[in-house]
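The values are calculated or read from the model by the stated rules, or taken from the named source; none is laboratory data. Quantities reported herein were computed from a predicted structural model and do not represent experimental measurements. Don't worry about glycine lacking a Cβ; one is built from the backbone with ideal geometry, like all the others, and counts go over all protein chains shown. For accessibility, only protein heavy atoms count, side chains too; no ligands or nucleic acids. Shrake-Rupley method; radii C 1.70, N 1.55, O 1.52, S 1.80 Å.
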Amino acid sequence: MLKMRLYKFYEQHQSRGKSFTYNHFKAEGASKATIYRIIQGIEHGNPPVRRVGSGRVAKITTGNMLYRLSQDFNNQTGISQRRAAKKYKCAQSTIAWALKTKCNIQYRKKKKIPCRTEVQITNAKTKCGRLVRKFRGLDWILDDESYFTLSNSTIHGNDGYYTSDPKTTPPNVKFDKKKKFETKVLVWIAIGPHGVSKPLIRLSGQAINSDIYLEECVKKRLLPYIRANYNNYVFWPDLASAHYAKKVTNFLSEEGIVFVGKNDNPANVPEARPVEDFWAHLKGLVYAKGWHAENHSKLINRIKYCLRKLDPVFVQHLATTTFKRLDLLRRTGVVEAF
């Protein structure tokens with residue numbers, strides 16, 4: 001720090017009875033006025049470091065105001081900094097500065113969680129504990145299906161645009177077209193510590209019922225995927241009626257597939273199923289940089305391309321977190337239980 005070095009240099013010369021000028025500090029790169037202003041302050045007895053309480057007396061952000069501001073904002077929602085600025089008769093920037101630097105309060109976005117019933121909240125901890133005890137040390141294989149639209153503007157990064165003047169922005173950038181009943185593409189897939197299975201991609205109008213799930217998903221895709229990659233495993237299907245149809249469970253039992261029973265399967269716990277994070281990652285790749293499809297054929301080709309380009313290490317690491325997630329829910333329960 002220039003002021004500290006100059007202060008030490010001044011003390012050394014004063015002890016020897018010598019004087020010094022600006023030429024001694026030319027190499028510092030500071031202006032002549034800055035050097036002599038610091039020297040003048042030292043001669044008047046000003047220390048090289050700032051004294052506590054030597055600044056301007058606070059008139060707006062007083063202790064009382066900061067306490068009330070913390071009471072208004074901390075752990076609250078629906079609060080506006082502009083309305084608070086009118087209340088405290090100051091600028092909105094003053095409120096933002098006081099919250100960040102004085103109150104250590106930051107604005108954070110809410111996280112989305114599923115709407116669970118009281119029964120689901122209570123059973124989640126019990127059933128997750130049951131799965132942890134029953135299938136400890138096994139590889140977890142999960143399956144799920146998700147829907148893809150022609151243009152997904154809700155993906156983070158695709159829900160806004162940059163411009164210097166909205167009036168000159170082209171309509172295809174400024175607006176996002178949305179049909180009232182848009183046809184979607186349904187994708188089914190299974191993931192595990194050894195990667196992903198062969199996907200099933202079809203238009204959403206052709207729903208996956210028990211027959212389609214058994215023939216197209218289980219027999220043609222899931223069974224070969226398990227036989228080729230796993231020995232000690234457990235299959236955790238999505239809790240859907242088609243997945244637990246009698247013909248499906250009978251087939252899984254006949255083939256010796258170890259799977260989670262319907263009574264042990266916790267409902268509505270996406271935080272325990274890494275396949276939900278897999279879908280978020282895949283959709284981020286499909287709709288990267290605001291990409292949108294003109295028709296369903298292009299969308300299907302794009303999904304297949306992104307599946308081929310997926311990082312296998314990422315998917316494998318994601319699937320291995322299943323047991324840790326279940327164990328965390330076994331100990332703490334879902335967030336609403338806190």
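Key figures
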| quantity | calculated |
| --- | --- |
| Counted charge near E271, where neighbours are those whose Cβ lies closer than 13 Å (Asp, Glu -1; Lys, Arg +1) | +4 |
| Amide H partners (placed H, <5 Å) of A190, local residues excluded | S197 |
| Using θ = phi - 60° and Karplus 6.51 cos²θ - 1.76 cosθ + 1.60, couplings along segment 212-219 (whole Hz; Gly, Pro as x) | 5, 5, 5, 6, 8, 8, 6, 6 |
| Distance violations [Cα-Cα > 28 Å] among K111/K324; K89/K111; K110/K283 | K89/K111 |
| Per-peptide average of other Cβ atoms within 10 Å, ordering 191-199, 57-65, 312-320 highest first | 191-199, 312-320, 57-65 |
| Ranked by how many other beta carbons lie within 10 Å on average, peptides 115-124, 264-273, 133-142 from highest | 264-273, 133-142, 115-124 |
| Accessible surface of segment 196-253 [probe 1.4 Å, protein heavy atoms]: carbon and sulfur percent | 46 percent |
| Calculated from backbone phi, Karplus (6.51, -1.76, 1.60) coupling profile of segment 101-111 in Hz, x at Gly/Pro | 8, 9, 9, 6, 10, 10, 7, 10, 7, 6, 8 |
| Pairwise label distance in nanometres, A85 with A245, each label 7 Å out on the Cα-Cβ vector | 6.0 nm |
| Förster radius 30 Å - calculated FRET efficiency between L310 and K110 (Cβ-Cβ, nearest 0.05) | 0.55 |
